[in-house]
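The values are calculated or read from the model by the stated rules, or taken from the named source; none is laboratory data. The structure displayed is predicted, hence computed values, not measured ones. Please note: Cβ atoms are built from the backbone with ideal geometry, for glycine as well, and neighbour counts cover all protein chains shown.
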Amino acid sequence: MTTAKEIRNKYLRVRPFPFCPGCGGGMVLNAFARAIDDMKIPNEDILIIAGIGCSSWIPSPFFKADTLHTTHGRSLSFGTGAKLANPLLKVVAFTGDGDGTGIGGNHLIHAARNNIDMVVLCINNNIYGMTGGQVAPTTPREVKTATTPYGNPSNPFDACKLVEGAGATFVARWTTAHIPQLISTIKKALRHKGFSFIEVVSQCPTHYGRRTGMQDAPSMLKFFKEIYSINAAESRMRLGEFVNIEKPELCEDISKMIEMVAGAEQAKEKKTGQSTAKGATCKPMQVRIAGRGGQGIVLAGILLGHAFASCGINVLQTQSYGAEARGGACKADVIASDEPINDLSPEKPDVLLAMSSEALEKYGNGVPLIILDDLVSAAAKARAVFDRSAQCCQTDSTRAEPLASGQLSVVSEQKARIAAGWEVSAGSKVVRVAATKTAKESGSIMSANMGMLGAFAAITGSVSKDALAAAIRENSDERFAEVNVRVMEKCFGDIGRLLPS
Amino acid sequence: MAVKIDERYCKGCNICVAVCPKNVLERSLALNKKGVAVPLVARPQDCIKCRICEMNCPEFAIDVIDENKSAPASSAVKKPSAAPAAPALPYEMKSLAPRTVLLQGDEAIAEGAIAAGCRFYAGYPITPATEIAETMARLLPQHGGKFIQTEDEIAAIGAAVGASWSGVKSMTATSGPGFSLMQENIGYAAMTETPCVIVDVQRSGPSTGQATRPAQGDAMQARFGSHGDYEIIALSPNSAQECFDLTIRAFSLSEKYRVPAILLADGEIGHIRESMRIPKEIEILNRRAPEEGDSKFFGMPEGMTAKRITAPMPSFGTGHFVHVTGSTHKEDGMRDVTTKEVHERMVEWFCDKINKNADDIVSFEEKFTDGAEILVISYGATSRPALGAVQDARKAGIKVGFFRPVTIWPSPEKRLREIIAKEKIKKIIVAEMALRGYFPEVERIAAGRCELIHNSKIGGEIHTSKEILDAITEAAK
């Protein structure tokens, strides 16, 4: 057996410890050092993490290894980062019942759930010792402490059951009256791959013993021997190794995932980095696309933005929507400009692509060019407008009703009004596009937004069909890219045929 | 055979007396000079060398000495340390694939982080910063980096600090509520001189506020959010391009000064998509690694020069046995929480290394200040319509200038004071999406030398150029 002197020389950085006489903290450190020594783990490989409280001072800065003494309750979070960044580290946390299961309880259960490879020594002295003997999450009922002068009204935690429930793969409990067993269990935990939790019931003669009628450390150790046992009826008092199972470990899983992703990246043909369409040009323009959440309004805005950007023009794209992902009002703005763009919220777009009646009512006023999805006509209010405005241009895949002149529609000089008070100003051009219908016929109703973009490109000529197709292919979900392009091109063609050559 | 109790360390707890199976030891009533009743080795002849007393002594103060056995040589075999970090060059030019892209501000931040060499991200979803986490989750594994979604923002910043000490550049991103949760550990990072980047994509508060709407109310929190005396660096981007560029700069400054750097973006800039340019080459700075024999890893470095601004920073697992603590510590990392001079020396240094190097850190954008009588100060998203308004006002013949702090902290106070003094500025308009925001800092810098107008707008909508132009026109009357 290694002598005390050897242990001191190898594992202690400084002495004396700042603990009260008889504190169990030093006993746990002694046991830990012996476990490390037995296993011949080099000090260089060990990272000790600690939080706040007497328990955290046990190794910090006394144990000769890298030591990260963190904020109260947070050591496992810091340790998670350190371990993920360098999985070769042997990470050991010294925490207490308050630090670990009180303020740090959430980190404890999530570290257990993640099954990250670290050893947590939770030194449970049933009390907040460093601050002077206040009630802890582990203090038994009715015990009088500095903050429960009339007795503790709360139930104590069973920390082992807690982490077991959270998914820890190695769970054990001993007391400082069981040092040889503790050393053996610490060694098992250090060997275990995954989250290992050892609760060490420890004596605080100063604050807990005194308050429970035990004056010194030997009497507390005697008490531990009497009431803590392998067969204790109450689970909190039960000793032994409760869990020792195998489960995937977080660092290993993440490393495997990285290898997989890196492999897939290499296999992928190197994408041509430069997406600028050669020689493509586009016209500066402010576009608003509006409808309901779920119609792909934002995606349409993004893809249009990409198409503009590929021409080298300055592009700014914004959106707004409600908290709900589907069904709420939604809009996306795209500004393409030769100048730097300073106004981030365009007041007056040049073009509105409306895919719902609400969108038309909300944003249509005064916009020079309005492109409507065929869905909009289904709404009563909108129909009221366009039925009265005989000059509206309607197209769909089977029926085209262009104006006699062959020009785009111009709403009559008289303002067309609807009951809600919305009006189309004199001079607004309104074009209705069978985007949803075309999308439905193509077997992908979700692609209606792409139809709207195709119509927009055909009508305004501000961006080319090819630039749009490239933007769609590069930036939309692979599964839908081709149907998206088809719907866009169909609407582009249908509208294009109506335009004056 | 002898049992020796070292009186220098024994506290007289008598655990050894209780655990000895052969009753070798006995309680003593006599106190030594320190007032400790050290147990007596009453029956050494009965000792069976079980060493239970050694093993149980909380103070490591007992030696069971076997006279027949000579002290064995230390059995520790020095093994190559775990994953020694490659010695990082302080300056590095890094090549990128140059291209024009359309990126959301949040995405550009993630791209900038990857370009800067960030290989660890921990975060918790929160609007409007979530896209940073989503982009990092996608990009990091492609570059061999680690991503983790933590249980909350407290854990996120903790993990980022832990990863940084493992030698990896790390980042976390959040918005108001999460930024509030992170404050304690930001103070920890400042106290332990840990480089890391924290992104706050500001949203409308207080509390949950308008979760999906932008604001600029966190300027003071970014600097003063944690308790006690410390300094950080905060940069504020006003475009997707700057989200990329300033994230790289935030990493470099964070590494150079060993300080948490905050990218103070806002919901508007975080969520807009803009065309931007990925450059061919970027300059990045890295922390100074220890050299042979270095043992002081904190505080003012020995032989400080412009290129050796901080103490060297070792990585965990490289055999330096570094002790990192949020308690007041000396240059060697050892805790000293009672000596006034130590606290004074260290904490003053944490502040000085930033404040005294402000000229190196500070950046700003300045336009039309020659002969200006009115100065519009604005940063982040609001600076865009503010610049538009100033241009319009100039066209209308108003003598108005534009000033945009890019580093919010340290503030560009030196240059602002010069402009105010030299250009006969009569009025300053501060345009921002906050009721208090950055205004108190401008108030402090102006120090009563000119009239201050706060063009603040809250409610989750960014100023239009027209609104700021109206304020300028009004001020010019």
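Name every residue in the stretch B:415-435 that is out of contact with any helix residue (DSSP H, G or I) (no Cβ under 7 Å at 6 or more places or on another chain) and of a type in the set (D, E, K, R), in order of residue number.
Once the filter is applied, which keeps residues that are out of contact with any helix residue (DSSP H, G or I) (no Cβ under 7 Å at 6 or more places or on another chain) and of a type in the set (D, E, K, R), the stretch B:415-435 yields B:ARG415, B:GLU418, B:LYS422, B:GLU423, B:LYS424, B:LYS426.
Could you please find all residues in the stretch A:44-94 being at the interface with another protein chain (Cβ under 7 Å from one of its Cβ atoms), part of a helix (DSSP H, G or I) and in contact (Cβ under 8 Å) with a residue 24 or more places away in the chain?
If the condition is that a residue be at the interface with another protein chain (Cβ under 7 Å from one of its Cβ atoms), part of a helix (DSSP H, G or I) and in contact (Cβ under 8 Å) with a residue 24 or more places away in the chain, then A:ASP45, A:SER77, A:PHE78, A:GLY79, A:THR80, A:ALA82, A:LEU84 are the ones that fit.
Any idea which residue in the stretch B:267-298 is nearest to the other protein chains (Cβ to nearest Cβ), counting only those that are touching a residue at least 60 places away in the same chain (Cβ under 8 Å) and small (Gly, Ala, Ser)?
B:SER275
Out of A:ALA136, A:ALA112, which single residue is in the same structural domain as A:SER196 (by TED's automatic domain parsing) and within 15 Å of A:ILE198 (Cα to Cα)?
Exactly one of A:ALA136, A:ALA112 is in the same structural domain as A:SER196 (by TED's automatic domain parsing) and within 15 Å of A:ILE198 (Cα to Cα), namely A:ALA112.
Please pick out the residue among B:THR339, B:THR382 that is within 12 Å of another protein chain (Cβ to nearest Cβ) and of a type outside the set (A, V, I, L, M).
Answer to the check: B:THR382.
Of these, A:ILE335, A:ILE313, A:ILE341, which one is over 24 Å from A:GLY454 (Cα atoms) and among the β-branched types (Val, Ile, Thr)?
Exactly one residue qualifies, and that residue is A:ILE341.
Of the numbered conditions (1) without any contact (Cβ under 8 Å) to a residue 24 or more places away in the chain; (2) crowded, with 22+ Cβ neighbours inside 10 Å, B:VAL199 fails exactly one; give the number of that condition.
(1)
Kindly indicate whether any position in the stretch B:252-266 is in contact (Cβ under 8 Å) with a residue 12 or more places away in the chain, within 13 Å of another protein chain (Cβ to nearest Cβ) and not basic (Lys, Arg).
yes
What residue, among those in the stretch B:378-404 that are assigned to a loop (DSSP other than H, G, I, E, B) and at negative phi, is nearest to the chain's Cα centre (by Cα)?
B:TYR379
If B:PHE316 satisfies all but one of (1) surrounded by fewer than 22 Cβ atoms within 10 Å (Cβ to Cβ); (2) within 14 Å of another protein chain (Cβ to nearest Cβ); (3) within 18 Å of B:CYS196 (Cα to Cα), what's the number of the condition it fails?
Every condition holds for B:PHE316 apart from (1).
Listed here are the residues, each with its yes/no results for (1) facing another protein chain (nearest Cβ under 10 Å); (2) touching a His at 6+ places or on another chain (Cβ under 9 Å); (3) modelled with pLDDT of 95 or more; (4) in a loop (DSSP other than H, G, I, E, B).
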{"residue": "A:THR318", "(1), (2), (3), (4)": "yes, yes, no, no"}
{"residue": "A:ARG326", "(1), (2), (3), (4)": "no, no, no, yes"}
{"residue": "A:LYS331", "(1), (2), (3), (4)": "no, no, no, no"}
{"residue": "A:ILE341", "(1), (2), (3), (4)": "yes, no, no, yes"}
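Can you tell me how many residues in the stretch B:193-211 are among the hydrophobic types (A, V, I, L, M, F, W, C), away from every other protein chain (no Cβ under 14 Å) and farther than 30 Å from B:ALA311 by Cα?
Adding up the residues that qualify gives 1.
Would you check if B:GLN183 is in contact (Cβ under 8 Å) with a residue 40 or more places away in the chain and within 11 Å of the chain's Cα centre (by Cα)?
Judged against the criteria, B:GLN183 is a match.
Working only within the stretch A:32-43, note down all residues that are within 7 Å of chain B (Cβ to nearest Cβ) and either buried (at least 24 other Cβ atoms within 10 Å of the Cβ) or over 41 Å from the mean Cα position of the chain (by Cα) (or both).
Across the stretch A:32-43, the qualifying residue is only A:ARG34.
So, in the stretch A:468-501, exactly how many residues are outside any loop (DSSP other than H, G, I, E, B) and free of Cβ contacts under 8 Å to residues at least 60 places away in the same chain?
Total satisfying the criteria: 18.
Condition check: in contact with a helix residue (DSSP H, G or I) (Cβ under 7 Å, 6 or more places away or on another chain) and more than 7 Å from chain A (Cβ to nearest Cβ). Does B:GLU131 satisfy that?
Judged against the criteria, B:GLU131 is a match.
Determine which single condition B:ASP106 fails, assuming it passes every other condition in (1) more than 8 Å from chain A (Cβ to nearest Cβ); (2) in a helix (DSSP H, G or I); (3) under 20 Å from B:LEU285 (Cα atoms).
(3)
Can you confirm whether B:GLY299 is modelled with pLDDT under 90 and of a type in the set (Gly, Ala, Ser)?
Answer is no for this residue.
Step by step: first the residues of the stretch A:95-115, then only those that are surrounded by 24 or more Cβ atoms within 10 Å (Cβ to Cβ) and aliphatic (A, V, I, L, M), then the one that is nearest to A:ARG74 (Cα to Cα). Which residue is that?
Once the filter is applied, the top-ranked residue is A:LEU108.
Hey, does the stretch A:281-296 have a residue that's part of a helix (DSSP H, G or I) and more than 10 Å from every other protein chain (Cβ to nearest Cβ)?
Checked the stretch A:281-296: no residue is part of a helix (DSSP H, G or I) and more than 10 Å from every other protein chain (Cβ to nearest Cβ).
Of all residues in the stretch A:117-132, which are buried (at least 20 other Cβ atoms within 10 Å of the Cβ) and either out of contact with any strand residue (DSSP E or B) (no Cβ under 6 Å at 6 or more places or on another chain) or at pLDDT below 95 (or both)?
Those that are buried (at least 20 other Cβ atoms within 10 Å of the Cβ) and either out of contact with any strand residue (DSSP E or B) (no Cβ under 6 Å at 6 or more places or on another chain) or at pLDDT below 95 (or both): A:ASP117, A:ASN125, A:ASN126, A:ILE127, A:GLY129.
Can you say whether B:CYS243 is among the hydrophobic types (A, V, I, L, M, F, W, C), over 29 Å from B:TRP349 (Cα atoms) and within 14 Å of chain A (Cβ to nearest Cβ), as far as the supplied structure shows?
Here the answer is yes, as B:CYS243 does meet what is asked.
Among the numbered criteria (1) at the interface with chain B (Cβ under 7 Å from one of its Cβ atoms); (2) basic (Lys, Arg); (3) crowded, with 24+ Cβ neighbours inside 10 Å, which single criterion is violated by A:ARG15?
(3)
Exactly one condition in (1) surrounded by 16 or more Cβ atoms within 10 Å (Cβ to Cβ); (2) more than 22 Å from A:GLY364 (Cα to Cα); (3) facing another protein chain (nearest Cβ under 9 Å) is not met by A:CYS311; state its number.
(3) is the only condition that A:CYS311 fails.
Any idea how many residues of the stretch B:6-30 are under 50 Å from the mean Cα position of the chain (by Cα), on the phi < 0 side of the Ramachandran plot and either part of a loop (DSSP other than H, G, I, E, B) or outside the structural domain of B:CYS53 (by TED's automatic domain parsing) (or both)?
Count: 7.
Within the stretch B:307-377, which strands (runs of 3 or more DSSP E) (wholly inside it) include 3 or more residues that are farther than 19 Å from A:PHE78 by Cα?
The qualifying strands (runs of 3 or more DSSP E) are B:364-367, B:374-377.
Would you be able to say whether some residue in the stretch B:451-458 is free of Cβ contacts under 8 Å to residues at least 40 places away in the same chain and over 34 Å from the mean Cα position of the chain (by Cα)?
Yes, the stretch B:451-458 contains a residue that is free of Cβ contacts under 8 Å to residues at least 40 places away in the same chain and over 34 Å from the mean Cα position of the chain (by Cα).
Consider B:ILE148 against the criteria (1) more than 21 Å from B:ALA250 (Cβ to Cβ); (2) within 9 Å of chain A (Cβ to nearest Cβ): it satisfies all of them except one. Which criterion is unmet?
All conditions are met except number (1).
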